[in-house]
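The values are calculated or read from the model by the stated rules, or taken from the named source; none is laboratory data. Predicted model, so just to flag it, every value in this text is computed and none were measured. Glycine also receives a Cβ, built like all others from the backbone with ideal geometry; neighbour counts cover every protein chain displayed. The accessibility values were calculated without ligands, DNA or RNA, using every heavy atom of the protein model including side chains. Shrake-Rupley method; radii C 1.70, N 1.55, O 1.52, S 1.80 Å.
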There are 2 protein chains.
Amino acid sequence: MYELYRQANGITVVVDIFRATSAICTALQNGVTEVIPVASIHDAKRYSDDDDVIIAAERGGEIVDGFVYGNSPLSYINNKHIQGKTLVLTTTNGTQAIDAAKEDGELVIGAFSNLSVLTKWLIEQNQDVMLLCAGWKNRLNLEDSLFAGAVVDVLLNNGFEYDIDSDAAIISRLLYTTAKNDMLKFLENSSHRNRLKNLNLENDVEYCLTLDTCNVVPKLAGGSLKNALKVQISN
Amino acid sequence: MYELYRQANGITVVVDIFRATSAICTALQNGVTEVIPVASIHDAKRYSDDDDVIIAAERGGEIVDGFVYGNSPLSYINNKHIQGKTLVLTTTNGTQAIDAAKEDGELVIGAFSNLSVLTKWLIEQNQDVMLLCAGWKNRLNLEDSLFAGAVVDVLLNNGFEYDIDSDAAIISRLLYTTAKNDMLKFLENSSHRNRLKNLNLENDVEYCLTLDTCNVVPKLAGGSLKNALKVQISN
């Protein structure tokens, strides 16, 4: 679907709430210096001899055999082993979405964990914004649409306008305004939450729906995601 | 996207509210004996020497040059020229969606104009139901999702259950329950409504959002859509 909406310019926000983009924000917030998203497990393994690299691989909601890390954001909190390291990450949906959009315009990472700083940054940039929801194996999902709606809602309240073909944005915003007071309850029947519930990942679900735990805007440059806010300050 | 959801069995409901599936129901309700959906204008022209055939062709919301009929449902109401005729129809989105799904299971046509008889018929069949929203040039649109939500709402209230991967159905149902008391207002900002407004097709929009003007369930058999209810009675 991305091909239908792609834009050569502007900013693409990649969204994979359960859990890739939540994990990326959390890792950068908690000591990782950069995240290198790779599409395949094979590509991830190429970094296995590098002591400065933590490798993480997830498929189907579980850590891939032979790896220590997956895409659980909680595994990157209060973790002394990741301090100052590069995180190489491959996941079922999120890193594939990054891969699809990486050649077009600017690419940043969105999650409920960075909603406020992300939207503030987007408003400052004042460019066209496209929200790319990773979904689950190319299907639409509820939690990514919900987050897209949260971003749409903030941007519209700050002078942005809908694009011509923006029915998906209208729907997402309605989702968010309906669900925002109890997102956990709203997602009770969603496919992905139930998938994670079956994997005993309820804590992850709750964390991924918590607003503003991170003050980072992960931005892609040279194949690596670094915090755009930190880059701005160091300039 | 259809490839991701296709099912070999069960019933697929094709939805293109503005305006192909609304037009198909209306034509069958108002004197046409069958509708033959064709994907290309070239295929439609092959019927041009047949006196028993009315040909209709729409692209981009307008009647294609050289044709008298497009996909305006209103053109098929109180029209003596179409009585007892076969309607050959090609449209931008709707007939393409029919073409994509025609090999899988049973295929019927849904629109607000046949919501009650369609859902009653679906409940009687008691099979898996898939709602295929034609959208606009493969993009999601608001009105088709809204109708899908109306069907989901009726089916869930009558003992049907969500499939495992049914986030799209959950979202559609929320749309419908939010919008059902004033769908015209709800669609005010939608892309397609504005496209039709620009073409002076406001009457069509209003008609296409009116419930239960037709008592037909167009069902595909041998490349042609006929009223399944009539077929049942004649058995």
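Every residue in segment A:108-147 that is open to solvent by 10 Å² or more (accessible area, probe 1.4 Å), in contact (Cβ under 8 Å) with a residue 60 or more places away in the chain and not in a helix (DSSP H, G or I), please. If the condition is that a residue be open to solvent by 10 Å² or more (accessible area, probe 1.4 Å), in contact (Cβ under 8 Å) with a residue 60 or more places away in the chain and not in a helix (DSSP H, G or I), then A:Q127, A:D128, A:V129, A:M130, A:L131, A:L132, A:C133, A:A134, A:N138 are the ones that fit.
Has segment B:73-92 got at least one residue that is out of contact with any strand residue (DSSP E or B) (no Cβ under 7 Å at 6 or more places or on another chain) and among the hydrophobic types (A, V, I, L, M, F, W, C)? The answer is yes; a qualifying residue exists. Going by the structure shown, is A:L220 assigned to a strand (DSSP E or B), open to solvent by less than 50 Å² (accessible area, probe 1.4 Å), in contact with a strand residue (DSSP E or B) (Cβ under 9 Å, 6 or more places away or on another chain) and more than 9 Å from chain B (Cβ to nearest Cβ)? Taking the combined requirement at face value, the residue satisfies it.
Looking only at residues that are part of a helix (DSSP H, G or I) and away from every other protein chain (no Cβ under 13 Å) in segment A:148-184, which one is most open to solvent (accessible area, probe 1.4 Å)? Selected residue: A:L184. Of all residues in segment A:95-107, those that are in contact with a Leu (Cβ under 9 Å, 6 or more places away or on another chain) and either assigned to a strand (DSSP E or B) or among the polar types (S, T, N, Q) (or both) total 3. Scanning segment B:196-205 for residues that are open to solvent by less than 80 Å² (accessible area, probe 1.4 Å) and either at pLDDT below 75 or part of a loop (DSSP other than H, G, I, E, B) (or both) turns up B:L199, B:L201. Here segment B:65-91 is the region considered, the condition is being touching a residue at least 24 places away in the same chain (Cβ under 8 Å) and closer than 25 Å to B:R139 by Cβ, and the residue that is surrounded by the fewest Cβ atoms within 10 Å (Cβ to Cβ) is B:S72. Residue under question is A:R193, and the condition is that it be within 13 Å of another protein chain (Cβ to nearest Cβ), touching a Gly at 6+ places or on another chain (Cβ under 6 Å) and either open to solvent by less than 20 Å² (accessible area, probe 1.4 Å) or touching a residue at least 12 places away in the same chain (Cβ under 8 Å) (or both); does it hold? Here the answer is no, as A:R193 does not meet what is asked.
Within segment A:155-177, residues that are more than 13 Å from B:N141 (Cα to Cα) sit with their Cβ atoms under 6 Å from residues that are open to solvent by 30 Å² or more (accessible area, probe 1.4 Å), at 6+ positions apart or across chains, in these pairs: A:N158/A:I123.
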